[in-house]
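> Okay, here's the structure, questions in a sec.
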Amino acid sequence: MFRHKGKGRTFHHNRRLAAILSLTAGIVNIIGVLSIQTLTTNVTGHFAFFAEEIVNERYLNALVFLIYIVAFLSGAFFSNLLIELNSKKNPQIAHSIPMGIEIFILTIIGIYGYTWLSYGWNPQMIAYSLLFAMGLQNALVTTISSSTVRTTHLTGLFTDLGIELSQLFFYRQKDARTKLTRSIRLRIVIIVFFFSGCIIGGFAYGQYNMQALLIAAVCLIMALTYDNVRYRFYYLKRKLR
């Protein structure tokens with residue numbers, strides 16, 4: 001689901017990618033809200049708060065929200081930069097480095113985040129890190145799926161879903177309708193798994209506090225492992241023919 005691009009990429013690749021990464025984003029989203037009262041999977045709300053602080057002349061507070069936005073942007077920037085640099089050398093594993101960084105961030109915060117907060121560390125540092133990680137993930141999934149899948153925010157997704165549901169009344173040709181229904185199913189998968197991640201993360205946070213982020217890290221590790229095993233299996237299968 002990570003290795004296929006262009007014409008070699010199918011609906012099933014995108015569906016698997018959407019499911020696992022939406023689940024991860026949902027977990028990170030709710031844990032960010034519950035632990036540090038900050039949205040960490042998108043920057044839409046942060047623009048509003050940034051503008052509010054500017055209007056009220058609280059410039060230091062405004063700077064915090066600006067850094068939130070830049071952190072997400074930086075994650076997206078470095079994700080695609082790493083993919084482009086490594087795709088020339090080894091395109092089959094170009095996705096592994098940004099995913100590895102994301103796993104590292106989620107793991108470190110999951111293990112030490114509660115301790116840092118209990119010692120009085122600034123929670124904004126955790127917010128910056130999680131926003132950077134989600135920027136990495138969103139750029140990664142957008143690049144791999146050729147902008148078909150986005151997993152860290154739902155506003156545009158619900159807009160597209162509403163448009164496509166209305167198009168069901170007008171699309172009559174079989175090929176066009178099949179393409180439309182697949183797109184609708186993909187968006188529903190993202191919504192369901194994002195929401196499921198929020199529910200799972202919320203319950204897990206109640207039991208394990210910020211260590212619940214380790215669930216998201218494990219999901220990503222399992223996704224990478226599955227993708228690697230599946231690729232090697234089909235590679236050996238073709239080789240033995």
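The values are calculated or read from the model by the stated rules, or taken from the named source; none is laboratory data. The shown structure was predicted, so the numbers you read here are calculated from the model rather than taken from an experiment. Methodologically, a virtual Cβ is constructed for each residue, glycine included, from the backbone with ideal geometry; neighbour enumeration extends over all protein chains shown.
> Looking at region 165-186, is at least one residue within 21 Å of T44 (Cβ to Cβ) and buried (at least 19 other Cβ atoms within 10 Å of the Cβ)?
Taking region 165-186 first, the residues within 21 Å of T44 (Cβ to Cβ) are none.
No; the residues of region 165-186 include none that is within 21 Å of T44 (Cβ to Cβ) and buried (at least 19 other Cβ atoms within 10 Å of the Cβ).
> Here is a follow-up. Which of the residues that make up region 59-76 are surrounded by 18 or more Cβ atoms within 10 Å (Cβ to Cβ) and hydroxyl-bearing (S, T, Y)?
Across region 59-76, the qualifying residue is only Y68.
> Let me ask you something else. Condition check: surrounded by 16 or more Cβ atoms within 10 Å (Cβ to Cβ) and either assigned to a helix (DSSP H, G or I) or among the charged types (D, E, K, R) (or both). Does L214 satisfy that? Step through it out loud before you land on a result.
Values: surrounded by 16 or more Cβ atoms within 10 Å (Cβ to Cβ): yes; either assigned to a helix (DSSP H, G or I) or among the charged types (D, E, K, R) (or both): yes.
In short, yes.
> Can you name every residue in region 155-200 that is within 14 Å of A19 (Cβ to Cβ), without any contact (Cβ under 8 Å) to a residue 60 or more places away in the chain and not hydrophobic (A, V, I, L, M, F, W, C)?
Answer for region 155-200, where residues must be within 14 Å of A19 (Cβ to Cβ), without any contact (Cβ under 8 Å) to a residue 60 or more places away in the chain and not hydrophobic (A, V, I, L, M, F, W, C): just R187.
> Looking for whichever is touching a Lys or Arg at 6+ places or on another chain (Cβ under 6 Å), more than 19 Å from I30 (Cα to Cα) and either not in a loop (DSSP other than H, G, I, E, B) or not hydroxyl-bearing (S, T, Y) (or both) here; the options are L161, L165, L140, L180. Which one fits?
Details: L165 fails: touching a Lys or Arg at 6+ places or on another chain (Cβ under 6 Å); L140 fails: touching a Lys or Arg at 6+ places or on another chain (Cβ under 6 Å); L180 fails: touching a Lys or Arg at 6+ places or on another chain (Cβ under 6 Å).
Testing whether each residue is touching a Lys or Arg at 6+ places or on another chain (Cβ under 6 Å), more than 19 Å from I30 (Cα to Cα) and either not in a loop (DSSP other than H, G, I, E, B) or not hydroxyl-bearing (S, T, Y) (or both) leaves just L161.
> Hey, any hits in region 233-240 for a residue that's surrounded by 15 or more Cβ atoms within 10 Å (Cβ to Cβ) and over 16 Å from the mean Cα position of the chain (by Cα)? Break it down stepwise before answering.
Here is the first cut: in region 233-240, the ones surrounded by 15 or more Cβ atoms within 10 Å (Cβ to Cβ) are none.
No.
> From the residues in region 20-50 that are of a type in the set (G, A, S) and within 10 Å of the chain's Cα centre (by Cα), which one is surrounded by the most Cβ atoms within 10 Å (Cβ to Cβ)?
Result: A25.
> In the set T152, T148, T143, which member is closer than 19 Å to A76 by Cβ, touching a residue at least 12 places away in the same chain (Cβ under 8 Å), crowded, with 24+ Cβ neighbours inside 10 Å and among the β-branched types (V, I, T)? Lay out the reasoning, then the answer.
Working: T148 fails: crowded, with 24+ Cβ neighbours inside 10 Å; T143 fails: crowded, with 24+ Cβ neighbours inside 10 Å.
Just a single option satisfies the conditions, and that option is T152.
> Right, another one. Can we say L106 is hydrophobic (A, V, I, L, M, F, W, C) and closer than 25 Å to Q211 by Cα? First the steps, then the outcome.
Details: hydrophobic (A, V, I, L, M, F, W, C): yes; closer than 25 Å to Q211 by Cα: yes.
It is true that L106 is hydrophobic (A, V, I, L, M, F, W, C) and closer than 25 Å to Q211 by Cα.
> Using the structure shown, decide if I101 is surrounded by fewer than 22 Cβ atoms within 10 Å (Cβ to Cβ), part of a helix (DSSP H, G or I) and touching a residue at least 60 places away in the same chain (Cβ under 8 Å).
Against the criterion (surrounded by fewer than 22 Cβ atoms within 10 Å (Cβ to Cβ), part of a helix (DSSP H, G or I) and touching a residue at least 60 places away in the same chain (Cβ under 8 Å)), I101 does not qualify.
> Inside region 1-94, counting only helices (runs of 4 or more DSSP H) that do not spill past its ends, which hold 1 or more residues that are modelled with pLDDT under 95 and among the charged types (D, E, K, R)?
On the way: elements: 11-36, 44-55, 59-87.
The qualifying helices (runs of 4 or more DSSP H) are 11-36, 59-87.
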